[in-house]
Amino acid sequence: MPVLSKADYCVLNVVAVKKMASAGALADATGLPPGQVEDRLSFLAGLGLVETVAGSVLPSDGAEAALIQSAAEHYAALREDPAVLALADGFEDINARLLAVMSAWQQVDIGGQKVANDHADSVYDDKIITRIDRLVQRLDPLLDALSRYDVRFAGYQQRFAAAMAAVDEGRPELVSSPTADSVHTIWFEFHEDLLRALGRERKE
């Protein structure tokens, strides 16, 4: 398997982190023109790395190996940058805090028992949203550092900003909805993307 170009890696990486996506969603997530995404998908399909089922693009069994091989080539210098590695190490603490805050968003403690948050308490929810916003902002130094090696990482900052703006405008589902470009969805995808770029394994 040849090392994928940056554009091919970018498209296949998004397919892999999303597990299933339309060509339009891939264009939105990668920032590439729709026509270029379609061309890259055709090329990747020719390599047997993606397949399309009912209009959705899925990664093949060989996609992960191709991404690992290509990431090792494209991000060799990044993996040796002590500043980036230090920021990535710090991300683990931020990630643990985000997971705890997301749990607090989804469930509340009533009488010593965890129950689903019905989001009737706006004061409670506003406090959680503030904590989430602060954690998202703490990613900026890492995303800035990563963007110096690959500008596509700046796309995460734009997606986080859009999700948080939507939450502030009265769309609380953009905090954690698994079917939308929510803060939690973007965070999960970034985490997987970061680990792949650094050649690391997920801890939790």
Along Cα→Cβ, 7 Å out, is where each label goes; now give me the distance between the ones at residue 54 and residue 6 in nm to one decimal.
3.7 nm
All other residues with a Cβ under 14 Å from the Cβ of residue 57 taken together, and with Lys, Arg as +1 and Asp, Glu as -1, what is their net charge?
-2
Straight-line reach only, C-alpha to C-alpha below 16 angstrom: list the aspartates and glutamates that residue 114 could link to, leaving out same-chain residues fewer than 8 apart.
125
How far, in degrees from 0 to 90, does helix 63-74 lean away from the longest principal axis of the Cα atoms of the chain, to the nearest 10?
80 degrees
accessible surface per residue for the chain, probe 1.4 Å, DNA/RNA/ligands not counted, whole Å² -> 51 Å²
Could you give the longest part of the chain that holds none of the trypsin sites (Lys or Arg not before Pro) found in DSSP loops with at most 16 neighbouring Cβ atoms within 10 Å?
20-137
Quick check on the stretch 1-118: take the gyration tensor over C-alpha atoms, sort the square-rooted eigenvalues as a ≥ b ≥ c, and tell me if it's rounded (a/c under 1.5), prolate or oblate.
oblate
Any aspartates and glutamates with Cα under 16 Å of the residue 203 Cα? List them, leaving off those in the same chain fewer than 8 positions away.
89, 92, 93, 189, 192, 193
Explain nothing, just the number: relative contact order of the chain, from Cα pairs under 8 Å at least 6 residues apart, as a whole percent.
19 percent
What part of the accessible area of the chain, given as a whole %, is carbon or sulfur when the probe is 1.4 angstrom?
54 percent
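The values are calculated or read from the model by the stated rules, or taken from the named source; none is laboratory data. This structure is a prediction, so every number in the text was calculated from the model and none was measured. Note: ideal-geometry Cβ built from the backbone for every residue, glycine included; neighbour counts use all protein chains shown. Only protein heavy atoms, including side chains, enter the accessible area calculation; ligands, DNA and RNA are left aside. Shrake-Rupley method; radii C 1.70, N 1.55, O 1.52, S 1.80 Å.
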